[in-house]
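One structure is given here, and the rest of the page talks about it.
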Protein chains: 2
Amino acid sequence: MSRGSGTTQLRLRADRYSAVQLRIVRAALELFALHGVSGTSLQMIADATGVTKAAVYHQFKTKEEIMLAVAEVELARLETALDSAEDATSDAHARALLLEEVIGLAVERRRWVHALQNDPSMIRLLSEHEPFLDLMNRLYSVLNGEDATTETRVRTAILSAAFGGAVVHPLVVDLDDETLKAELTRTARRIFDLPDE
Amino acid sequence: MSRGSGTTQLRLRADRYSAVQLRIVRAALELFALHGVSGTSLQMIADATGVTKAAVYHQFKTKEEIMLAVAEVELARLETALDSAEDATSDAHARALLLEEVIGLAVERRRWVHALQNDPSMIRLLSEHEPFLDLMNRLYSVLNGEDATTETRVRTAILSAAFGGAVVHPLVVDLDDETLKAELTRTARRIFDLPDE
DNA sequence: GTCTATATGAAGATAGAC
DNA sequence: GTCTATCTTCATATAGAC
């Protein structure tokens with residue numbers, strides 16, 4: 001299958017960050033999930049990392065750079081999953097592979113995925129950066145298939161929202177990862193009219 | 001059907017606000033949806049309302065009071081819908097009534113509902129206020145029914161996330177309200193195994 | 001009920017020593 | 001690479017005049 005929306009593919013580069021930078025990114029991700037991006041200050045990130053604000057600024061010039069690094073590191077797994085799915089031999093196989101990986105990612109990293117997917121600052125920033133838009137378009141292409149009818153698009157939107165929203169819902173917070181994955185998979189198959197395998 | 005989780009019911013009071021206060025609330029709601037709660041300052045709310053910051057503080061003592069007013073006004077329709085549903089003659093009828101109203105609310109007020117449902121500051125604040133917790137418990141009771149199995153809870157969580165998340169998804173932004181409502185209703189019936197009527 | 005003016009603190013960001 | 005110290009701007013919030 002073809003990759004990306006254009007001729008050249010815009011890749012994320014989650015491997016470009018040093019060990020120190022990754023410590024900052026992990027602290028920021030946790031705080032973003034707890035307080036939202038706007039509700040998280042550089043002072044909070046510095047404290048959680050165990051360094052001063054100035055040290056954080058030495059690693060990242062602006063808060064936006066931290067946000068991009070957080071998104072890049074967190075979405076690396078999604079990109080890998082897309083690579084595999086696009087190498088699949090059929091559309092149906094690609095979709096099944098991708099669904100499994102996306103559900104796993106959404107469940108295992110529930111709180112973080114939800115924060116990244118719903119924070120207004122993050123949404124705005126990512127929408128201004130081609131590699132992220134490209135990634136999302138690849139995702140929707142595989143899930144929707146070639147013929148994106150209104151019904152298909154709504155179903156994909158519901159799935160996407162469910163993966164990023166239902167996983168942190170109060171009604172399911174006490175469910176373990178495996179149970180939640182199994183239930184999400186069943187519901188996804190029901191929505192998409194897929195066989196139970 | 002019985003109302004609330006306890007003996008006395010904790011009601012929202014959307015009617016307690018004056019005309020001036022409602023102007024502030026509407027401006028705040030719009031800004032919350034655009035920038036998130038943490039990303040919205042009282043200065044921004046004052047500017048959007050057309051008054052000074054001090055005038056806003058005369059109406060609401062703190063930012064939290066504005067947040068509560070915004071939630072109260074926006075959720076009034078949900079409370080009305082719950083009242084009707086709980087007066088229904090059967091559980092199935094109650095659920096069908098409520099689903100229709102909740103879908104209508106989520107679609108017609110997509111951006112605002114999404115903001116209120118997913119903002120970390122708003123979530124934290126509402127979780128500390130009984131009337132809102134009570135409202136949510138009533139909602140889940142009707143949707144889940146009496147026997148809340150794991151499967152039921154996951155389905156309800158997915159529906160809830162879908163109503164508050166899918167409706168603002170990039171894949172469906174260009175759909176008009178009626179189309180989106182119809183598609184959401186079909187998918188909800190599919191998830192819950194309800195007949196197409 | 002709204003205004004101007006202000007207090008106090010914390011935000012993002014930088015300079016320069018070590 | 002990290003620190004202390006500082007700059008500027010903006011945050012929430014209040015005092016008091018009209």
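The values are calculated or read from the model by the stated rules, or taken from the named source; none is laboratory data. Nothing here was measured: the structure is a model prediction, and the numbers come from that model. Here the Cβ is made from the backbone with ideal geometry for all residues, glycine too, and neighbour counts use every protein chain on show.
Yes/no matrix, rows are residues, columns are (1) within 16 Å of DNA strand C (Cβ to nearest atom); (2) touching a residue at least 12 places away in the same chain (Cβ under 8 Å); (3) of a type in the set (A, V, I, L, M, F, W, C):
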residue	(1), (2), (3)
B:29	no, yes, yes
B:39	yes, no, no
B:56	yes, yes, yes
B:59	yes, yes, no
B:64	no, yes, no
B:73	no, yes, yes
B:87	no, yes, no
B:91	no, yes, no
B:108	no, yes, no
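Output yes when any residue across the range A:112-122 is more than 29 Å from residue A:189 (Cα to Cα), touching a residue at least 24 places away in the same chain (Cβ under 8 Å) and within 16 Å of DNA strand D (Cβ to nearest atom), and no when none is. Yes, some residue in the range A:112-122 is more than 29 Å from residue A:189 (Cα to Cα), touching a residue at least 24 places away in the same chain (Cβ under 8 Å) and within 16 Å of DNA strand D (Cβ to nearest atom). Collect the residues in the range A:166-179 that are at the interface with another protein chain (Cβ under 7 Å from one of its Cβ atoms) and either closer than 18 Å to residue B:180 by Cβ or in contact with a Leu (Cβ under 9 Å, 6 or more places away or on another chain) (or both), keeping them in residue-number order. A:166, A:172 - these are the residues of the range A:166-179 that are at the interface with another protein chain (Cβ under 7 Å from one of its Cβ atoms) and either closer than 18 Å to residue B:180 by Cβ or in contact with a Leu (Cβ under 9 Å, 6 or more places away or on another chain) (or both). Only one entry in A:173, A:154, A:167 is touching a Lys or Arg at 6+ places or on another chain (Cβ under 6 Å) and among the β-branched types (Val, Ile, Thr), namely A:167.
When you check residue B:43 against the structure, is it among the polar types (S, T, N, Q), away from chain A (no Cβ under 14 Å) and surrounded by fewer than 14 Cβ atoms within 10 Å (Cβ to Cβ), yes or no? Criteria met by residue B:43. Once the range A:180-189 is narrowed to residues that are facing another protein chain (nearest Cβ under 10 Å) and touching an Asp or Glu at 6+ places or on another chain (Cβ under 9 Å), the residue that is modelled with the lowest pLDDT is A:187.
If you go through the range B:17-49 and pick out every residue that is away from DNA strand D (no atom under 11 Å from the Cβ) and either of a type in the set (Gly, Ala, Ser) or outside any helix (DSSP H, G or I) (or both), you end up with 7.
Filter the range B:141-165 down to residues that are crowded, with 19+ Cβ neighbours inside 10 Å and at the interface with chain A (Cβ under 10 Å from one of its Cβ atoms), then give me how many there are. Spell out the reasoning first.
Step one: list which residues in the range B:141-165 are crowded, with 19+ Cβ neighbours inside 10 Å, which gives B:141-143, B:153-165.
Imposing the further condition that a residue be at the interface with chain A (Cβ under 10 Å from one of its Cβ atoms) reduces the set to B:143, B:153-165.
The total comes to 14.
Answer yes if at least one residue in the range A:50-64 is touching a Pro at 6+ places or on another chain (Cβ under 9 Å), within 16 Å of DNA strand D (Cβ to nearest atom) and either among the β-branched types (Val, Ile, Thr) or closer than 22 Å to residue A:113 by Cβ (or both), and no otherwise. Checking the range A:50-64: not a single residue is touching a Pro at 6+ places or on another chain (Cβ under 9 Å), within 16 Å of DNA strand D (Cβ to nearest atom) and either among the β-branched types (Val, Ile, Thr) or closer than 22 Å to residue A:113 by Cβ (or both). Within the range A:100-108, does at least one residue satisfy the condition of being within 20 Å of residue A:143 (Cα to Cα) and surrounded by fewer than 16 Cβ atoms within 10 Å (Cβ to Cβ)? Checked against the condition, which is being within 20 Å of residue A:143 (Cα to Cα) and surrounded by fewer than 16 Cβ atoms within 10 Å (Cβ to Cβ), the range A:100-108 yields at least one hit.
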